[in-house]
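Everything below concerns the one structure shown next.
The values are calculated or read from the model by the stated rules, or taken from the named source; none is laboratory data. Since we're looking at a predicted model, the values are computed, not measured. Backbone-built Cβ (ideal geometry, glycine too); neighbour counts: all protein chains shown. Calculation scope for accessible area: heavy atoms of the full protein, side chains included, ligands and nucleic acids excluded. Shrake-Rupley method; radii C 1.70, N 1.55, O 1.52, S 1.80 Å.
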Amino acid sequence: MRISKGALLVVIAVLIPFVVEFRTALSWFGIELSVLESLVLGGAAILAVVLWAVWPPNGNAEAELSGSR
Amino acid sequence: MEVTRMSSTASRTYLDQFPAEAKVIKAAFWSSFMALAIGGLLGLVQALHRTDVLRFIDSADYYTVLTAHGILLAITFTIFFLVGIFTWAVTTSLDRGVVDIRFTWAWYIMMVVGTILVGVSILGGVVDAIPMYADVLFTFYAPLQAHPAFYVGLVLFVVGSWLAGADWFRTWWAWRKENPDERIPLPTFMALTTTLFWYLCTLGVALSILVFLLPWSLGIVDSVNPLLTRTLFWYFGHAVVYFWLMPAYMMWYIMLPKLSGGKLFSDPLARVVFVLFLLLSTPVGIHHQYLDPGIAEGYKFIAMTNTMFLLLPSLLTAFTVVASMEHGARQRGGTGYLGWLKALPWRDPVFTGMALAGLMFAAAGFSGMINAGMNINYLVHNSWWVVGHFHLTVGTAVALTFMAAAYWFIPQVTGKELWSRQLALGQVLVWFVGMTFMSNAMHRAGLFGMPRRTAEPQYQGFNFDPAVGTVGEINAQVALGAVLLTVALAMFLLNMVLTSFNDDSDSLPANTYAGTLSGPEDSPAVLDNLKLWTAIAVVLVIVGYTLPLASIVESGGLFGPDIGGFQLAIETDPALVLESVREVMP
């Protein structure tokens, strides 16, 4: 992992205010998201962060996995 | 010059070093937690009632619940925790016990008796068997009137806190005799400067209670001047915000750097910050009264200017604490412009809770600047925005720091290991997320004019116009946040209770606090001249308040133009309600 599990949890928690405020900020540009769209966007952002965190830093997942066996 | 400061008995816990003081601190912490439990639960009741999600109280009783929520959390929870932390700070940093532990127990018991009187008075609003009432909200100024027991309880509580301050000063004076050439250790310096502005600001509320509100409640005087009691309350009411915040600041200055693995960036900067709070905390209260008629705009402008100066110590703190955390992270192998953040101990609930509380406080600073600006304050005054703001300050910067600190302090004063670090980490994260939802929605609701302090915010024949989303979404977000906060509160209390039943542990960390990269020897000795700073603080108060108070007394009289007062919970006269309705709908 690129960051510790504790740090990953903190990043996800800190992401939430950004997702909530992002909806408000987008409205300034005439883009109004529904609650469901905001939830999907937030879920996607969290998924992206989790994938980034668990992906090996060199990007070679198979080598990393086989090496760890 | 690098200086490491820690107790000479560094391998032992606080309980080992000061067993008698540890008992008082433990009692103060548990008093604080009980207030947090009751007050927090009442917060959920309010949030669900206001948002119309779940209603099981009468709307008229909302004010009893609101008063209990405000008093128990903003006064009782915070100040009991504060006296515990400051007693720890003074004894640990001076490496000596209090002068007389019986005196320490005396002020603690006085505060408990005061709390019970206040609590029972408020409870009288919903329990018919208790012949008391105190639906006066946290601000308790006229024309709302409470039972005399409420005011007596407040006086006992505040006098108890004054005696606690005297206890810390006595302990310092005793230490100074033994160490005449030493600088005041930083934690003691922080406790003493905070105590000094507490003495200064509580004089206003003491005057308000003893001269006006208590005699009025007892029937000794017939009326009071509401604007005068409001002004005297806010003379105290803004400084009390810093009274809550200073123990949190202390934790950020002397615990966060240590938990990060490093040292405090600058002891002198920390001293400057606390001196600035001593000087500026009190003469700014009129910024809570921008919409009060009867106070000239010029005085309000002066208060606004003073308030803006208060940003300086907060920004200095942000710089010093973040620099200290970066130093700690780099000591742990962190590199890069932002990469060092990854090296911080995010699995430690004490660190993470305090760091997230500090982050939330930054957001609170921005909304606070809007509150402080005279013109833009008119937009948000008395709206839900303000409630969102202070749930970021006292509800997160203070409360989350205190809860995170408790995960370190309770083991120190009980000798028992924390029951679950994982639960504790989850708790601080759930609190952060819950407050994000709740305070964000409150701020947004305030922007479209939704009022605070009402059980029925949705008027008939009128629709609010949110900039984004709907009122229903705002309410749902508040209710979701309140539920998450209550879950976090339950997680915290469960951990504290189970920790108390844990076995004694020999593997607890020693009772230490952060060393400094730049120590007190790098700062001018004048910073420790408490008499000088107190004298300047008094002068600033005289400059800020003499003319407004004189003007209020001159125009409204010392005891007011025959203001009889209101007792909200006693009865509701339908004729009065009809009369009010006719006034707005002829």
Checking B:ARG55 against (1) assigned to a loop (DSSP other than H, G, I, E, B); (2) buried (at least 21 other Cβ atoms within 10 Å of the Cβ), the condition it does not meet: (2)
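Rundown of residues vs (1) surrounded by fewer than 22 Cβ atoms within 10 Å (Cβ to Cβ); (2) of a type in the set (A, V, I, L, M), yes/no style:
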site: B:ILE116; (1), (2): yes, yes
site: B:SER121; (1), (2): no, no
site: B:VAL155; (1), (2): yes, yes
site: B:TRP162; (1), (2): yes, no
The range B:325-347, residues that are assigned to a helix (DSSP H, G or I), of a type in the set (Gly, Ala, Ser) and within 14 Å of chain A (Cβ to nearest Cβ): B:ALA329, B:GLY339, B:ALA343
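Table: residues versus (1) within 30 Å of B:LEU207 (Cβ to Cβ); (2) over 25 Å from the mean Cα position of the chain (by Cα).
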| site | (1), (2) |
| --- | --- |
| B:LEU480 | no, no |
| B:MET491 | no, no |
| B:THR499 | no, yes |
| B:PRO509 | no, yes |
| B:ALA514 | no, no |
| B:LYS531 | yes, yes |
| B:THR534 | yes, no |
| B:PRO548 | yes, yes |
| B:LEU558 | yes, yes |
Residues of the range B:95-104 that turn out to be assigned to a helix (DSSP H, G or I) and either exposed (fewer than 15 other Cβ atoms within 10 Å of the Cβ) or touching a strand residue (DSSP E or B) at 6+ places or on another chain (Cβ under 7 Å) (or both), as a count: 1
Residues of the range B:174-195 classified as farther than 21 Å from B:THR516 by Cα and surrounded by fewer than 23 Cβ atoms within 10 Å (Cβ to Cβ), total: 6
Hits in the range B:479-499 - residues which are buried (at least 19 other Cβ atoms within 10 Å of the Cβ) and under 30 Å from A:GLU32 (Cα atoms): B:ALA479, B:GLY481, B:ALA482, B:LEU484, B:LEU485
Subset tally (residues that are in a helix (DSSP H, G or I) and of a type in the set (Phe, Trp, Tyr)) for the range A:33-58: 1
Scan of the range A:1-27 for residues that are at the interface with chain B (Cβ under 9 Å from one of its Cβ atoms), open to solvent by 60 Å² or more (accessible area, probe 1.4 Å) and without any contact (Cβ under 8 Å) to a residue 24 or more places away in the chain, ordered by number: A:LYS5, A:LEU9, A:GLU21
Per-region count, the range B:227-266, residues under 24 Å from B:GLY365 (Cβ atoms) and assigned to a helix (DSSP H, G or I): 25
Matching residues in the range B:360-382 - criterion: being within 13 Å of chain A (Cβ to nearest Cβ) and either more than 17 Å from A:PHE18 (Cα to Cα) or surrounded by fewer than 18 Cβ atoms within 10 Å (Cβ to Cβ) (or both): B:ALA362, B:PHE366
Condition broken by B:GLY353, with the remaining ones in (1) open to solvent by 10 Å² or more (accessible area, probe 1.4 Å); (2) more than 23 Å from B:LEU517 (Cβ to Cβ); (3) within 14 Å of chain A (Cβ to nearest Cβ) satisfied: (1)
When residues of the range B:295-324 are limited to those that are open to solvent by less than 10 Å² (accessible area, probe 1.4 Å) and part of a helix (DSSP H, G or I), the one nearest to B:LEU517 (Cα to Cα): B:SER324
Residue match in the range B:165-172 (condition: part of a loop (DSSP other than H, G, I, E, B) and hydrophobic (A, V, I, L, M, F, W, C)): no
Among the candidates B:ALA142, B:ALA89, B:ALA134, residue that is in a helix (DSSP H, G or I) and in contact with a helix residue (DSSP H, G or I) (Cβ under 7 Å, 6 or more places away or on another chain): B:ALA89
Breaking point among (1) within 12 Å of chain A (Cβ to nearest Cβ); (2) on the phi < 0 side of the Ramachandran plot, for B:PRO509: (1)
Subset tally (residues that are over 31 Å from the mean Cα position of the chain (by Cα) and either β-branched (Val, Ile, Thr) or surrounded by 18 or more Cβ atoms within 10 Å (Cβ to Cβ) (or both)) for the range B:455-478: 3
The range B:164-173: number of residues that are of a type in the set (A, V, I, L, M) and open to solvent by 10 Å² or more (accessible area, probe 1.4 Å): 1
